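The values are calculated or read from the model by the stated rules, or taken from the named source; none is laboratory data. As the structure is a computational prediction, the values presented were derived from the model and not from experiment. Virtual Cβ from ideal backbone geometry, glycine too; neighbours counted across all protein chains shown.
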Amino acid sequence: MSWIDITVELSENVAEWPGDTPFSFETPVTKEMSGSVNIGKITTSTHIGTHVDAPFHFDNDGATIEALDINRYIGNATIIEVVGKEEISKSDLEAHNIEGTILLIKTHAATDKSAFPNEVPTLTLDAVTYLAEQGIKLFGIDVPSVDLVNSKTLDVHHALHAHDIMIIENIVLDRVDSGLYDFIALPLKIKGADGSPVRAVVRKKEEDHES
């Protein structure tokens, strides 16, 4: 089976968090100037497009991105679809067969990645506890944040961290079916960083045990 890219394409069209640094790419050194090569320059937030949060993002005492175990971002991932919900509850999750250590939720709530959403669906706290009980170590969703856009307390971020569950946000699942997949999404090794863009990919398991 082929790998499927579930990453937001980074360009000046991708929406940044309001007030955050937008993404830009330029080529300040061209082959004509240097005589040999083109050299690009990127300016960006660490939370642009498809990205992972390090605990330091919301906790001054939390681990920064280079200290995280890369094995947490490789493994078996269950993709489920939960559409039309303001909150995703424990009972919503119980309706699915969740396998592996990674859960990715397709909500269809923010499919246009050039526009930042005003509202996003979030997990209830009992849903976070349920994920921990199922052995989930990485939680991902297809919107820019696991918390409400206007949240200052970031309750879901903190609850996931308390249960040792890492976070990946703004994945692209529009054309990916529910089921069990191989998953890879490695963060850049940036010393002291609060997060990192990733290139996230999935590959359908040949023997899928979805419900």
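Of the residues that make up region 69-84, is at least one more than 23 Å from Val149 (Cα to Cα) and either part of a loop (DSSP other than H, G, I, E, B) or at pLDDT below 95 (or both)? Within region 69-84 (the criterion being more than 23 Å from Val149 (Cα to Cα) and either part of a loop (DSSP other than H, G, I, E, B) or at pLDDT below 95 (or both)), the answer is yes, since at least one residue qualifies.
If you take the residues of region 1-38 that are assigned to a helix (DSSP H, G or I) and charged (D, E, K, R), which of them is farthest from Phe183 (Cα to Cα)? Among them, the one singled out is Glu32.
Comparison of Glu66, Glu94 shows that the only residue that is surrounded by fewer than 20 Cβ atoms within 10 Å (Cβ to Cβ) and more than 22 Å from Phe23 (Cα to Cα) is Glu94.
Only one of these conditions is not met by Met1: (1) within 29 Å of Thr107 (Cα to Cα); (2) at pLDDT 95 or above; (3) more than 18 Å from the chain's Cα centre (by Cα). Which number is it? Against the list (1) within 29 Å of Thr107 (Cα to Cα); (2) at pLDDT 95 or above; (3) more than 18 Å from the chain's Cα centre (by Cα), Met1 comes up short only on (2).
Among the residues of region 128-149, some residue qualifies, meaning at least one is buried (at least 17 other Cβ atoms within 10 Å of the Cβ), charged (D, E, K, R), farther than 23 Å from Leu10 by Cα and at pLDDT 95 or above. The residue that is surrounded by the most Cβ atoms within 10 Å (Cβ to Cβ), counting only those in region 185-211 that are in contact with a helix residue (DSSP H, G or I) (Cβ under 7 Å, 6 or more places away or on another chain) and assigned to a strand (DSSP E or B), is Ala185. The requirement of being in contact with a helix residue (DSSP H, G or I) (Cβ under 9 Å, 6 or more places away or on another chain) and of a type in the set (Phe, Trp, Tyr) is satisfied by Phe139.
The strands (runs of 3 or more DSSP E) found entirely in region 90-180 that carry 3 or more residues being within 14 Å of the chain's Cα centre (by Cα) and touching a residue at least 40 places away in the same chain (Cβ under 8 Å) are 102-106, 166-169. Here Ser45 fulfils each of the conditions (1) polar (S, T, N, Q); (2) over 17 Å from the mean Cα position of the chain (by Cα); (3) within 20 Å of Asp142 (Cα to Cα) apart from (2). Taking each residue of region 10-37 that is farther than 25 Å from Ala200 by Cβ and looking for partners that are aliphatic (A, V, I, L, M) and assigned to a loop (DSSP other than H, G, I, E, B) with beta-carbon atoms closer than 9 Å, six or more apart or interchain, yields Val29/Val37; Thr30/Val37; Lys31/Val37.
Checking each residue in region 79-89 for being under 23 Å from Glu9 (Cβ atoms) and either more than 15 Å from the chain's Cα centre (by Cα) or among the polar types (S, T, N, Q) (or both) picks out only Glu81.
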